Amino acid sequence: MDTYVIIILAVIFSLILGLVFYAYGEKKGTAAKAKVGDTPNQAALPLRLQAYERLVLLTERIALPNLISRIGQQDLTAKDMQLLLTQTIRQEYEHNISQQIYVSKEAWEAVSNLKEQNMLIINQVASFLPPDASGTQLNKSLLDVLIQNPQASLHNIVAEALSYEAKQWM
């Protein structure tokens, strides 16, 4: 019988000791999480705001009217202009790809969707032009599509969403 009492006391002691260590570990882990969670958020705030700023700039740079006015060259064929426009969008996007770690998943998806939508519009409009069309004709056709369908351009909506999210951090 003494052996059973010793075993029961050892089990109870082990359980109590285990609970104490568990509670201590939880308290220490929670404190560490709070410390780790608070400091980087405060330290990362300028980086986060800068990321939103850069992504707003990206949306403006890849907005089709802005892109066309910035790189519209007179002597290109429609195919060459199509290639130049889509390459420029990809380069601008890739240049800012690291900003996704500082913004919400939804914000980054909005930027990615804008990139894809603009490239799709360029490719679709170019596919309807005759093979001998000029780059100027492609640019005019793209602007006509945007004027006829203002909802076809997401850049204002994306820029507003990014601005709204950035303001939530200030």
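Some values worked out for this structure:
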{"quantity": "All positions within the stretch 75-89 that are touching a Gly at 6+ places or on another chain (Cβ under 7 Å) and surrounded by 16 or more Cβ atoms within 10 Å (Cβ to Cβ)", "calculated": "76, 77, 78, 81"}
{"quantity": "Test: residue 42 is modelled with pLDDT of 55 or more, of a type in the set (S, T, N, Q) and either under 23 Å from residue 111 (Cα atoms) or in a helix (DSSP H, G or I) (or both)", "calculated": "yes"}
{"quantity": "Scope the stretch 112-138; condition of a type outside the set (S, T, N, Q), assigned to a helix (DSSP H, G or I) and touching a residue at least 40 places away in the same chain (Cβ under 8 Å); matching residues", "calculated": "114, 115, 121, 122, 126, 135, 138"}
{"quantity": "Lone qualifier among 56, 103, 158 - being under 30 Å from residue 43 (Cβ atoms) and not in a helix (DSSP H, G or I)", "calculated": "103"}
{"quantity": "Residues that are hydrophobic (A, V, I, L, M, F, W, C), out of contact with any Asp or Glu (no Cβ under 8 Å at 6 or more places or on another chain), in contact (Cβ under 8 Å) with a residue 24 or more places away in the chain and closer than 18 Å to residue 157 by Cα, drawn from the stretch 48-84", "calculated": "51, 55, 56, 63, 64, 67"}
{"quantity": "Selected residue [acidic (Asp, Glu), part of a helix (DSSP H, G or I), surrounded by 10 or more Cβ atoms within 10 Å (Cβ to Cβ) and at pLDDT 95 or above] from 109, 92, 26", "calculated": "92"}
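The values are calculated or read from the model by the stated rules, or taken from the named source; none is laboratory data. Given the structure is predicted, the values throughout are model-derived calculations rather than measurements. Because the Cβ atoms are built from the backbone with ideal geometry, glycine has one as well, and the counts that use them run over all protein chains shown.
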